[in-house]
Amino acid sequence: MRTAIVWEAALYHQKILVEGIPLQTMDRYRQNRIDKPEAGGILLGYRKGPYLHVVQVTVPQLTDQRRRYRFDRAAHHHQQIALEQWRVSEMTMDYLGEWHTHPEINPSPSGMDINEWTKITKRQTKPMVFMILGLTGTIWLGLSVNHELIECTTMASEGI
Ligand SMILES: [Zn+2]
């Protein structure tokens, strides 16, 4: 069982807690074999005080375009899942951000990623989380606050 990980954007007093179950789900899509294309989805969870708490993720859907160096999420299906979860959670579970994989050991956002995220954050007033999962254990995590993208650092693993 994977334990939760906490990231921090200290200057902004924001913490991002990602639970073990969504981490395990995303781990399955790491491109650790040459035939695995990029994967991605959206992050769902709660906003509680300084915490963005990721409890669930969507996984690639049949309508997504997946290649080794490219992932285009077809918004429709992921949004349907988000809407369904929002209803099931009695309107508390929120859209917190996006994740995808990169075939790199130390992943970092591409120019295209930054463009896509800028489009998303233009429509959002709340902080948003963006995650990129590398080939092995690494995760790049950024938080967008007031249209600024901040790379966050890991605080600790919490066995919750
Ligand atoms: Zn990317």
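All of the numbers you see were taken from the coordinates with simple rules; none came from a lab. As the structure is a computational prediction, the values presented were derived from the model and not from experiment. With ideal geometry, Cβ positions are generated from the backbone for all residues, glycine too; neighbour counts draw on all protein chains shown.
Can you give me the relative contact order of the chain as a percent, contacts being Cα pairs under 8 Å and 6 or more apart? Can you show the working numbers first?
On the way: 335 pairs, mean separation 41.9, N = 160.
Averaging sequence separation for qualifying contacts and normalising by length gives 26 percent for the chain.
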Problem set entry | the range 81-131: relative contact order as a whole-number percent, Cα under 8 Å and 6+ apart | 45
Problem set entry | Under 5 Å, built H, 5+ apart or other chain: amide partners of residue 52 | 15, 16, 17
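If Rh is defined by the Kirkwood formula over all Cα pairs and Rg also comes from Cα, what ratio Rg/Rh do you get for the range 1-87?
Numbers: Rg = 14.5 Å, Rh = 14.3 Å.
Here Rg/Rh amounts to 1.01.
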Problem set entry | Sorted by Cβ density within 10 Å, fewest first, the residues 18, 145 | 145, 18
Seminar exercise, completed: Computed over the range 1-41, the relative contact order (Cα-Cα under 8 Å, seq sep at least six) in percent reads 31
Seminar exercise, completed: The residues 91, 128, sorted from fewest to most surrounding Cβ atoms within 10 Å, come out as 91, 128
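Taking the Cα centre of the chain as origin, sum charge times position over the Cβ atoms of Lys and Arg (+1) and Asp and Glu (-1), and report the length of that vector in debye to the nearest 20. Please list the in-between numbers first.
Numbers: 18 positive and 17 negative charges, 51 e Å.
The calculation lands at about 240 debye.
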Exercise. For 12, 95, 29, what ranking results if the residue with the fewest other Cβ atoms within 10 Å of its Cβ goes first?
Worked result: 12, 95, 29
Problem set entry | Cα-based reach from residue 48 at 27 Å (exclusive), listing lysines while leaving out same-chain residues under 8 positions away | 15, 119, 122, 126
Exercise. Pick from 74, 82, 39: which residue has the top mean-square fluctuation in a GNM of the chain where Cα pairs under 10 Å get a spring?
Worked result: 74
Seminar exercise, completed: The orientation-averaged projected area of the Cα convex hull of the chain, in nm², is 9.1
